[in-house]
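The values are calculated or read from the model by the stated rules, or taken from the named source; none is laboratory data. Every value quoted in this text rests on a predicted model; they were computed, and no experiment measured them. Virtual Cβ from ideal backbone geometry, glycine too; neighbours counted across all protein chains shown.
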Amino acid sequence: MDDAWVMADPGPVWRAADGVLSRLEGRFFDRAAQIIDSQGLPAWQAVERFLDAALLASATLVSVRTATREVEAVRKAAERGAARLQRLTGGIGLRQMLVFDISREGVLSRAGQVDALTRLQPNALAQVTRLRQREEVTAASSGLALERLLTAGVDGRAYLQRMRDEKNVDYAVVLPEAELTTA
C-alpha cells in the first residue's frame, strides 16, 4: 500500500488494499467473537489482540478510502468498525470481569471471596477501563473528521500525505469551521 503514495495512478493499489483490509477487518472481528463465544473471558488476552488487529485494519481502511476521496465509503467503514467493536465489548463490564477472575480462584469461603474481590478489583477495573477507552476512541475517531474534510472539498490524498510527511507532530486536530476561519 505504501507504493500507492508515489504512483501516478494509485487507484488499482487503493482498490486492492480496500478489498484486503475489508476482509481482514471482518476476519479479525469474527475471530474475536468466536473466542468470546467459545472460551469467554478466560481467553481475554487473545480477544484483545484480535480487536486491536481489527481496529488497525479498520483505521487503515478509512485512510485508504480517504485517499480515494470516497466520502460515503469513509463514513460507512468507520461506522462499521465502531459498531462491531461495540457489539463485541459493550456488554462486558466490571461484574463480568470480576466473576471471571474470582472463578479462577477456586472455591472460596465468604471471607476469601471478599479478600479476592478486594485484590482482583483493580486489575478488573483496569481491563474494563481499557475496553471503554477503546470504544470511545474508536467512536470519536470514526471517520467523521475525515468525512467532514472531504465534504468541505479538502483533497483526502493530499491531507493524508501531509500527515504522513509531518515528523514533529504526534496527532492532528480538526477544528470546527468557525474556529478555522477565526484562528
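What to note about this one:
- Tally, over region 5-49, of residues that are among the β-branched types (V, I, T) and at pLDDT below 85: 1
- Residues (in a loop (DSSP other than H, G, I, E, B) and either surrounded by 15 or more Cβ atoms within 10 Å (Cβ to Cβ) or in contact with a Pro (Cβ under 6 Å, 6 or more places away or on another chain) (or both)) located in region 83-92: I92
- The set of residues in region 40-55 that are within 30 Å of M7 (Cβ to Cβ) and surrounded by 15 or more Cβ atoms within 10 Å (Cβ to Cβ) comprises A53, A54, L55.
- Top-ranked residue in region 4-60 [being touching a helix residue (DSSP H, G or I) at 6+ places or on another chain (Cβ under 6 Å) and among the charged types (D, E, K, R); ranked as nearest to M97 (Cα to Cα)]: R31
- Residues (surrounded by 14 or more Cβ atoms within 10 Å (Cβ to Cβ), over 16 Å from the mean Cα position of the chain (by Cα) and either at positive phi or among the small types (G, A, S) (or both)) located in region 2-39: A4, A17
- Restricting region 93-125 to residues that are surrounded by 11 or more Cβ atoms within 10 Å (Cβ to Cβ) and of a type in the set (G, A, S), the residue that is modelled with the lowest pLDDT: S103
- In the set R119, R80, R95, R65, only one residue is closer than 28 Å to A4 by Cα and either outside any helix (DSSP H, G or I) or over 14 Å from the mean Cα position of the chain (by Cα) (or both); that residue is R65.
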